[in-house]
Amino acid sequence: MTILLILLGPSSLTSAEEISFEMVEPGMWTGEPYALAGNRMVFTNWYYVRAGVYSWRNADGQAVNTSKTECLGPWDAHFERGVDAPTGVRIVAEKARQMGPIIKIEKPWEQMAVTLGFVLKDGDTYRGWGPCQDKEGVTRRCYFESKDGLHWVRPNMDLVEYKGNTNNNMLPDFPSGKLGLACSDVTTCIFVDPTAPPEEKYKCVKNGRVTMAEFRSFAQKYPDRWEHRALRKDAGFIYALHGYTSPDAIHWKRMPEPLTIEHTDTQVTGYYDPKLKKYVIYTRHYYVGPTAPNAPDDPKRMGWLSEAHGSGRRSIGRTESDRFDSFPVSKLIVIPRIDMSPSALLYTMCYTTIPGAPDHHLMFPSIWDTRDDSTHLEMLSSHDGKVWQWVPGGALMETSSFGEFDGGCIFWHPNLIELANGDWVLPYSGYLYPHKYPRGAWRFGPGYALWPKGRLIGIRADELGEFSTVSIMAPGRRLRINAVTKRAGSILVGVAKRNGTFWQGNSFDDAIPSIGDHHYTPVRWKTGEDMNFDPEDPICLRFKLDRATIYGIQFE
């Protein structure tokens with residue numbers, strides 16, 4: 001363990017330079033410059049944008065901020081913004097286009113329903129997993145592949161017999177919960193673990209159940225890894241969170257013990273965070289208060305009485321661990337916004353990251369409103385997966401017209417993926433009827449929420465605006481921009497040192513304006529495309545926007 005020791009003697013230190021910091025581990029410092037995990041920066045929040053400096057100055061131009069010696073009248077000092085002060089800009093999220101069904105019903109085992117509950121771009125192949133339901137109402141797990149993310153095929157897995165034939169895409173031992181549940185059948189998270197041996201390369205987290213005997217043994221062994229709300233006395237079972245490993249994401253082995261025992265039904269998602277060096281899992285949680293200690297005994301009381309009475313609001317929880325085989329019980333991290341309907345619940349969280357930027361964390365929660373049994377899509381962003389902010393813009397997508405495959409309710413699934421043409425798509429399952437409508441005749445199918453050219457979220461100036469990024473260690477010397485301007489608008493980009501002064505040849509005066517529609521096209525200056533900075537020094541990028549929106553930048 002590293003120790004930071006500062007000794008302050010009786011003589012009092014007179015300046016910061018006299019303080020000695022020794023044995024400081026790499027990564028302990030905070031602040032600029034930042035590092036990017038990928039080669040992209042997308043402005044999903046203000047994390048990569050400087051808040052800006054400022055100064056109050058006297059008539060001689062001297063900075064007099066908080067001065068105790070300057071005695072000035074109410075108008076004798078003037079306010080001066082720094083060159084990096086953001087002005088005239090705001091973050092905007094774009095509405096999604098609806099696309100689907102992207103897989104048509106063709107096989108007898110999918111006559112009632114077929115969907116993609118999870119999509120993973122694995123190398124050059126898009127891989128999808130999801131349930132299929134035949135006309136008898138029997139649900140089976142199925143596997144799909146695609147080379148472009150648009151046209152899906154059903155590989156012959158030759159693993160499961162269906163009516164005397166194994167020529168199908170069914171999986172025998174895919175992690176599952178109770179079949180027949182609306183969302184448990186379509187929400188499974190698979191991720192690649194870069195630290196694992198080949199036989200455990202793929203990981204999966206899934207909600208499930210344990211017996212009373214298993215619960216008692218687990219609770220005695222791990223008193224801090226369970227909570228009472230897992231005990232669903234009304235339904236007659238006990239919820240648990242399970243982990244699985246696989247060498248190929250086809251054949252799975254369940255961990256010998258639950259990861260936790262808690263009430264986390266429906267969607268759970270997980271990933272390995274290389275920055276934290278930890279496994280992270282997001283769960284369904286509940287925003288609900290404790291029972292009064294002097295409440296009368298109720299033998300019928302169940303672990304989830306508050307939800308049954310309508311006071312518990314479905315929300316989002318989080319847990320992390322440096323080991324995949326054990327986690328603490330998840331803690332509540334995101335609740336419905338105070339400006340939402342009082343009947344709005346966060347039904348699923350749909351965690352994912354920005355394509356090409358694994359350190360840009362997003363959630364696409366399905367907002368379910370119990371006042372009319374409706375669903376719609378909103379978005380949350382985070383720079384570290386811990387601190388989350390609601391992205392302004394409200395509903396990014398809603399159900400289609402009655403009669404469409406997604407005209408009843410919609411639930412979104414990981415992952416946000418990039419197609420060959422640059423479009424971003426997010427898988428979803430569209431249902432013919434509302435969520436709690438009688439399900440004897442229900443149907444569901446797969447769709448995409450589509451953002452053309454990856455224009456999901458960005459920084460916009462309705463008229464004139466400016467901002468500067470924090471300083472970063474740039475992962476490339478050339479810059480490409482994904483942006484749009486009005487016909488009378490433009491974007492200027494400057495490359496500056498950490499103090500805001502431009503590198504020679506890359507000032508606003510040297511910049512060639514970007515005008516029109518640019519999908520990751522090169523940013524140019526009079527000297528060319530090179531940003532002309534010292535590669536050992538950090539840079540910050542300064543932007544002048546005139547009626548323009550920047551959706552992302554990419555280094556090369």
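The values are calculated or read from the model by the stated rules, or taken from the named source; none is laboratory data. Computed from a predicted model, the values in this text were never measured in an experiment. Every residue, glycine among them, receives a Cβ derived from its backbone with ideal geometry; neighbour counts consider all protein chains shown.
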*Counted residues, the stretch 231-288 - those being polar (S, T, N, Q) and on the phi > 0 side of the Ramachandran plot*: 1
_So in the stretch 70-97, with the set limited to residues that are free of Cβ contacts under 8 Å to residues at least 40 places away in the same chain and among the small types (Gly, Ala, Ser), which one is surrounded by the most Cβ atoms within 10 Å (Cβ to Cβ)?_
ALA77
*Since VAL192 meets every condition but one in (1) under 23 Å from the mean Cα position of the chain (by Cα); (2) at pLDDT 90 or above; (3) surrounded by 18 or more Cβ atoms within 10 Å (Cβ to Cβ), which condition does it not meet?*
(3)
*Does ALA441 fit the bill of being out of contact with any Asp or Glu (no Cβ under 6 Å at 6 or more places or on another chain), assigned to a strand (DSSP E or B) and farther than 30 Å from ARG50 by Cβ?*
no
_Here are the criteria: (1) of a type in the set (S, T, N, Q); (2) closer than 19 Å to ASP359 by Cα; (3) not in a loop (DSSP other than H, G, I, E, B). Tell me which single one THR375 does not satisfy._
(2)
*Candidate set: the stretch 210-244, residues that are under 28 Å from the mean Cα position of the chain (by Cα) and in a strand (DSSP E or B); chosen: the one farthest from THR260 (Cα to Cα)*: TYR244
*Mind telling me which of the residues VAL186, VAL205 ends up being buried (at least 20 other Cβ atoms within 10 Å of the Cβ), of a type in the set (Val, Ile, Thr) and modelled with pLDDT under 90?*
VAL186
*Quick one: which residue in ASP373, ASP359, ASP384 is of a type in the set (Asp, Glu), under 19 Å from TYR428 (Cβ atoms) and touching a residue at least 60 places away in the same chain (Cβ under 8 Å)?*
ASP373
*asked:* Being hydrophobic (A, V, I, L, M, F, W, C) and at pLDDT below 90 is the requirement here; does ALA249 meet it?
replied: no
*Output the number of residues of the stretch 255-292 satisfying the condition of being surrounded by fewer than 16 Cβ atoms within 10 Å (Cβ to Cβ) and either touching a Cys at 6+ places or on another chain (Cβ under 9 Å) or closer than 28 Å to ALA344 by Cβ (or both).*
4
*If you check ILE103 against the conditions, is it assigned to a strand (DSSP E or B) and modelled with pLDDT of 95 or more?*
no
*Name the residue, out of ALA63, ALA35, ALA51, that is at pLDDT 90 or above, hydrophobic (A, V, I, L, M, F, W, C), surrounded by 10 or more Cβ atoms within 10 Å (Cβ to Cβ) and more than 30 Å from ASN482 (Cα to Cα).*
ALA63
